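Peer 1: Structure in structure tokens, see below.
Every read-out reported here was derived from the displayed coordinates using simple, explicitly stated rules and does not represent laboratory data. Note that the structure is predicted; figures quoted are calculated from it, not measured. FYI the Cβ positions are ideal-geometry reconstructions off the backbone, even for glycines, and counts take in every protein chain you see.
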Amino acid sequence: MILQTIRYESGNDTIEHSLEKSFTMIMPTFVNLQGYIIGKKFVVKEVAILRRGAILSHYIFTCSMPWSFLTKSENYCASWLSAYHHGLQWEDGTKPYSMVKRLITMAVIGAEEYDDNKTLVYVKGHEKREWLNDVLDSDNLTTETLNANYKDTDTLHNVDVTNTMRFVKHIKNCALQNVFKIYNWWSQRQKEIMDRRTVRLLSRRYDLTSTGYKYLEIGINVGPPSYVDITLGDYRGPELSLSLETWKGLNEQRWNIYKMLRKEYKDNFISVGPLTVRVCTLQNNATLVRLDSSPVRMMMTETTLHRMFEFDGCIDVTFERLVRLVDTVDAKYTRFSNIASKNAIRDSDIFNEHRLVDCELLALIF
């Protein structure tokens, strides 16, 4: 278990908070907003932003207009939200409302160098997502509602408050506490996903970037029926599974993809079986290759693409070696399943401690 210290500025005070982390991963940015509905539009009052699970920004903004400018119905709505929803008063705030766009954009995007993937931002609520999209206005961001990608999202009231904090003025809904709740909920779901992640035997993983952030992996996906799986993935979580036919087809199209990068290809996309290849240009003029195969999307630079294609020979040799072992894996898996106990498997005549297939099946599956 890791205790990670978060240091952030809230008003005029610098606060440190230890956030318990049970595992390490590259993660999205989480945003929670509290505010008012004025003229049928959302007006932000408070925002909490947690980036990379460690960089927290929390702002309460001054009012967007004098109280006297509100209509009677808007006064009533704002008063109700202050009294029963978030507890913030119209006049509260330490940051000028004119700084909303700049502060939120800086907190979400940060000062990191550009990487292959768009920054993924999660917010709860469709209206708040639309508002946040308008404020950020960046092609280098993907903003999603949490419940769009995770159908079993709990209401925030039901999420455990362990390892969270609250702003003192709040009654029920605190953006600061909510962003921790969302992070904790998401982290637990990711851990469950990682625990259930596909097990591949005899796999080889080839790093496509200097940091190992993106990788190409080939191994036997344990069934039954088992099969040789070629996977393009990154440490954020998603994996793009490719059959040998799709992989070879992608390699055959490599020169057309390079032409597409230079705008010399006749179309703006290339289809390879279930895979669609496109080229996209971000707001900072960076050009990426985008691979889509529902429901997974993978983006990479041209350099990473070149690196991936360099492993074509390795994939061919490894695939030929692994495909001859698939029947053995299925047979061993079935026989081990009938025994069902690790000690019984290890002591049985069918277990061979000198065979890697046997050892990995026992360690990874049973």
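Peer 1: Taking 0.36 nm per residue of separation and subtracting the Cα-Cα distance, what length does fully extending Ala331 through Cys359 add?
Peer 2: Using 0.36 nm per residue and subtracting the Cα-Cα distance, I get 8.7 nm.
Peer 1: How far, in nm, would the chain grow between Ser68 and Cys280 when pulled straight, counting 0.36 nm per residue and subtracting the alpha carbon separation?
Peer 2: 71.6 nm
Peer 1: Something else now. Calculate log10 I(q)/I(0) of segment 200-365 for q = 0.13, 0.14, 0.16, 0.18 Å⁻¹, where I(q) comes from the Debye formula with a single equal point scatterer on each Cα and nothing for solvent.
Peer 2: Debye curve over Cα of segment 200-365, log10 I(q)/I(0) at q = 0.13, 0.14, 0.16, 0.18 Å⁻¹: -0.70, -0.77, -0.93, -1.09.
Peer 1: Less than 20 Å from a label point 7 Å out along the Cα-to-Cβ axis of Ser271: which backbone N atoms in segment 205-241 qualify, by residue?
Peer 2: Label zone hits: 241.
Peer 1: Hand me the tally of lysine pairs in segment 200-365: alpha carbons under 26 angstrom apart, and the pair either on different chains or 8 or more positions apart.
Peer 2: Counting lysine pairs in segment 200-365 gives 7.
Peer 1: Once fully extended, how much extra length lies between Asn343 and His306, figured as 0.36 nm per residue of separation less the alpha-carbon to alpha-carbon distance?
Peer 2: Full-extension gain reported as 8.7 nm.
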